[in-house]
Every structure is written in C-alpha cells, then in structure tokens.
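Everything below concerns the one structure shown next.
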Amino acid sequence: MNGGNTNPSDGQGMMNAAAKELADAKAALTSLIGSKDQNTKLYADYEKIQDTLVKAYDAAEATLNNSASTTQNLKDAETTLQAAISTAASSKQTFNQQNNALVTAYNQLKTAVGNESATLAKVEDAKFARIKENLVTLYNAGKMLTAKPLEGIDGAVLDVDQVTQANTKLQEATNENSLTQQTQNATNLADSFVKQVINKTKITGTTNTEKQPGNYSFVGYSVDLNTITTRTGNNSQTSSSSDNLPSW
C-alpha cells in the first residue's frame, strides 16, 4: 500500500529539480565570472572603474565558492555582477564623453610611443645623432604620461594640457614628411660640406702664399674686409686691407 500516493516519485523529482536549478545557477555564475580577465582589461586606463569591477567579480567568486550558497544566493550574485559589468561600461563611456580631448590625445600618444623602435631605427646612423637624441627625449616624456592611467584609483585625472603638448610635439617630430626632411638635411650637411684644400696656384691679388693652417675654417663677416676704417681721436682713416689679409 502506498497510502493513496499515486506518484511516490514526486519527492525525489522535486529534489532532482532543486539540484538541477542549483547546478544551473552555479553554471551561469561560473560562466559570467569567466569573463573577468577580458572585461577588467578594458579598463586598464581607468583604474577607478577597474577597481570597482574587480571587487564585484571577487564578491561573486566568494559566493560561488561558498558551499552554503543557495540557488537564490547564486542568482543574486549573478544579477549583481552583471549590473557591475554594465555600470563599468557606462562609466567609461561617460568619462570619455566628458574628457574627449584628453582621451583622444592620450590614445594617439600611446600609439606613437608604441612605434618608438621602428622610428628610431630610421635614425641609427651617426649623422642623425642629434635627431635621435631629440626623439628619445620626446618618447621618454610621452612614456612617462602613458605609464599613468587616464583616471587614477583615487579618481584623479591626467592633465589634458600636458598630454596634448607631449602628443603634439611627438607627432610633429615623427611625422613622415618632417622626419624625412630632417634626415635629408642632416645627410646634406654631412655629405655636401667637404673641407677643400686651398690651391695656391689659384690665389690672385697677392704674392704672399704662405702655408695653409691645418685648422683653418670658413668664416663669414658682416662688413667689407677690403676696406677697414680706423679712428684716431676725432679723425678717421680708411685704408685698403687687401695686403693685410692672410693669403694661404
């Protein structure tokens, strides 16, 4: 006799259904927690937002790992975590809208800094030393800023003027046309200005052809050296200086 119970398996069925519901809740929460690394990386430059989201994931994991957690506990944890994920996305969007100039300059600066090795490879030649030195200085300034987040964990925001200035200077210096012009100028200066030995046979206007000094250089004057004006008291005297000039 079964006491009038025509379905003795009802109790077992209810237990199985509850177990399945608990297992499903665990699986859903486990899947959502699995997005932790991918989601939190989206906020590497937004430390305050990232910190809040990481804490939400940690709380969900604690609930999942608690053997006493009920199906409802697990469902609530999933709902709370999903809300935190959505809030992080909207907070980032709001920050970007309110700090558009900063975000744009910051992202451009990060891209430029990422091209450092490729750019410096173009100016490895010794004749480009000054160009490289200037670029390294600009890259270092840029890296100091991009090493910091747009928004710190305390909510402090990067200075938009500093980021914009660093980005502008680096963009101008590494612009393809600008860099090509700089390297061409350096090449012309290094290859075209060749010190020539003065040929004595081609010196005219003097018979004084002494030996050329080894350390001579070209010098420009803003006055005509063919005439030199000297003053003695209130009198001035103009004389030709041709015979007084060195003639090597």
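The values are calculated or read from the model by the stated rules, or taken from the named source; none is laboratory data. These numbers come from a predicted model, not from an experiment. Note that we place each Cβ from the backbone using ideal geometry, even for glycine, and neighbour counts take in every protein chain shown.
Residues in region 69-86 that are among the small types (Gly, Ala, Ser) and either within 13 Å of Asp58 (Cα to Cα) or in contact with a strand residue (DSSP E or B) (Cβ under 8 Å, 6 or more places away or on another chain) (or both): Ala77, Ala84.
Scanning region 63-79 for residues that are out of contact with any Leu (no Cβ under 7 Å at 6 or more places or on another chain) and under 17 Å from Lys20 (Cβ atoms) gives Ser69, Thr70, Gln72, Asn73, Lys75. Pairs meeting the criteria (first residue in region 90-102 and under 13 Å from Glu151 (Cβ atoms) and charged (D, E, K, R), second residue at pLDDT 95 or above and outside any helix (DSSP H, G or I), beta carbons under 7 Å, at least 6 apart or on different chains) are Lys92/Tyr43; Lys92/Tyr46.
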